[in-house]
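To start, the structure under review is shown below, and the notes come after it.
The values are calculated or read from the model by the stated rules, or taken from the named source; none is laboratory data. No experiment lies behind these values; they were computed from the predicted model shown. Here the Cβ positions follow ideal geometry from the backbone for every residue, glycine too, while neighbour counts run over all protein chains shown.
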Amino acid sequence: MTGGSKIGDRMTLDADPKPGLPARGRGRPPRLSRGTIIQAALVLLDEMSIDRFSMGLLAKGLNAGVMTLYNYFPSRDDLLIAVADEIYSRFDHPAKGSCWQEEVRQWLWATVDLFQRYPVAMKLSLWDGHASPGWLRTWIPVVELIRAQGLTGPDLAFAVRWFTTSALGFITSQPPPPEHNNKRTTAHLHALTAYEAALLQDLQHDLLQVDRKAALTYGFTHIIAGLERIIAEAASAQSDTPGEGL
């Protein structure tokens, strides 16, 4: 019996392969398509960092020749962009809200939902110092929403940077706790003092009882309040500028 690849075992191959793909070694050649390669890349990226990800590893997992992949994607970056587009196309863009604050709140919850369904999405927002087009298309609507509150130039840049780093940093710091989280946190208590170890053990028990949704709701309320303050301060500074409104 011929064993399948690890990636092949974890995904459904596309039933409409590109004709003329060369066989690799003995046996039946792999069925490949852009969709198949993207899905296989998602499986691999779920297991490793983007820095480790390569076309060679992906080809090995698909039991295909690496040059075959380049028939579909000219470069590793082109493939990563396509993978990011696939994930971020599943972002549930919020409907028009009753006020901008509500739209921002819905955007934040939609981001939580995407990151929870596809943990790899965070990796695919930025690599090698470049933001992916898929992430930018997801992010730009909330930038436009902030700009619509009258912010321009440095004020807009400050608000957008503060909001993005605050929101993403907070969301990614509130993942659903895995069952082994407690063991990871307390694995090296022997390196601490008795007081520090006891404090951490007491705190860890209570941390595991924190309601994630309540924590996210609290955080989002304060992130939006921060935006309101930035907008109000910018408006106040503009009204105090000599010559404004003349």
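Structural remarks
- Among residues that are more than 30 Å from Ser236 (Cα to Cα), buried (at least 16 other Cβ atoms within 10 Å of the Cβ) and aromatic (Phe, Trp, Tyr), Tyr88 is included.
- All positions within the range 186-196 that are assigned to a helix (DSSP H, G or I) and closer than 23 Å to Ser173 by Cβ: Leu189, Glu196
- For the range 187-216, filtering for residues that are closer than 29 Å to Trp107 by Cβ, loosely packed, with under 14 Cβ neighbours inside 10 Å and at pLDDT 80 or above leaves 7.
- Condition check for Asp46: more than 27 Å from Ala148 (Cα to Cα) and out of contact with any Leu (no Cβ under 7 Å at 6 or more places or on another chain): yes
- Matching residues in the range 139-154 - criterion: being in a helix (DSSP H, G or I) and among the aliphatic types (A, V, I, L, M): Ile140, Val142, Val143, Leu145, Ile146
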